[in-house]
Amino acid sequence: MANIKKRIIFIVGPTGVGKSEIAVQLAKRINAEIISCDSMQIYKKINIISQKPSWVTRKAVKHHLLDIISPREEYNVADYQKQALLKIKDILRKRKVPLFVGGTGFYTSVLLDGIFEDGTKSNKTRERLYRQAEKYGKKKLYARLIKVDPEAASRIHPNDLRRLVRALEVYETAKIPISELQKKRKGIAEDFDVRIICLNRDRGELYKRIDLRVDRMFRQGLVAEVKRLLRLKLSRSASAAIGIKEIKGFLNGQYDLAEARRLIKRNSRHYAKRQLTWFRRDKRVKWINIKRRESVRDIAKGLWKKLC
């Protein structure tokens, strides 16, 4: 591979598409170490919900940014960016390839294009906005964002409370729309040969894989894991994991286990749609549509040839 030591690769895509297995096979071919780009895999104890790579997989290829903080702690994109940049330097120093794997589009965006921090943070404003959302609902915050920053509103889902609050926090604190500040960012895309590959499947097949994945999570002990997590005082960011709220409703007697399972499948499918929408906005992304019976090994081999 030409310039492989200065290359950074991203394998992204919707939940359930098969990113982790394919990335491991690719990593072996290109002498890479994997950096997780998943907002839930960074938490300790959130294992089944986040479907972390097994210890066998982690031994086969070195993984980074897994199990790094307690689920009691808040974690944001700025924290992720700082730690990911350190991992990039460390991996390149070893003359290996940094291979980012995950479906958290916001993490990917911040790494590629940078982030701004100075004069844009206010804990007091943020907490006030969260209280308003609890009292009046997310729609009121979204309607306000449309008025003050329509460009940002067009890129943020009305139910994405964390990003809604962040956009309004920036506007109130810095007195500048977040969409304007974002245009002044600088990320790794300017300094490295970055390749972004988004894996996708036929929509029906993807949804079937998501449903099977949720069934597997229940067999692995999802309910017991959520019970353990609920004994902790989960941070707002950790409690956003799909599965926690749905199982909590079952445990509180709001509905039966079958309904909890249905809700997790539905919400996971909705999340997959949002992920695909996010990555489609980025023209730098190269799309790979996986065929139904295509093996992990063959997919990885095909990716390797495209990257050579």
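Only the coordinates and a few stated rules stand behind these numbers; no lab work does. All of these numbers come straight from a predicted model, not from anything done at the bench. When we count neighbours, we look across all protein chains shown, and the Cβ atoms used for this are built from the backbone with ideal geometry, even at glycine.
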Among (1) 22.5; (2) 20.5; (3) 19.7, the entry that matches Kirkwood radius over Cα pairs in Å as calculated here:
(2)
By the mean-Cβ-within-10 Å protection proxy, highest first, 98-104, 194-200 rank as 98-104, 194-200
At most 15 other Cβ atoms within 10 Å plus a DSSP loop assignment makes a site exposed; report the longest stretch of the chain without any exposed GluC sites (Glu not before Pro).
118-293
Among SER268, SER39, SER70, the residue with the largest mean-square fluctuation in a Gaussian network model of the chain built from Cα contacts under 10 Å is SER70
From the cross-link list LYS233/LYS283; LYS82/LYS175; LYS19/LYS124, the entries with a Cα-Cα span beyond 30 Å are LYS233/LYS283; LYS19/LYS124
Under 13 Å from the Cα of LYS138, which aspartates and glutamates turn up, not counting those fewer than eight places away in the same chain?
ASP160
Can you find, among LEU232, SER295, ILE244, the residue farthest towards the positive end of the dipole of region 212-304? Put +1 on the C-beta of Lys and Arg, -1 on that of Asp and Glu.
SER295
Once every DSSP H run of n ≥ 4 in the chain is given -39500 (n - 2.57) and the sum is divided by its residues, what mean residue ellipticity at 222 nm do you get, rounded to the nearest 500 deg cm²/dmol?
-16500 deg cm²/dmol
Step through the table entries LYS208/LYS286; LYS208/LYS291; LYS59/LYS306, compare each Cα-Cα distance with 18 Å, and write down the pairs that go over it.
LYS208/LYS286; LYS59/LYS306
Starting from the amide H of ILE35, placed 1.01 Å from N in the peptide plane, find each other amide H under 5 Å away whose residue is 5 or more places distant or on another chain.
HIS64, LEU99, PHE100, VAL101
Over 28 Å between Cα atoms: which of LYS139/LYS227; LYS140/LYS183; LYS45/LYS248 fall into that group?
LYS139/LYS227
Listed with the fewest Cβ neighbours within 10 Å leading, HIS63, HIS270, HIS157 appear as HIS270, HIS157, HIS63
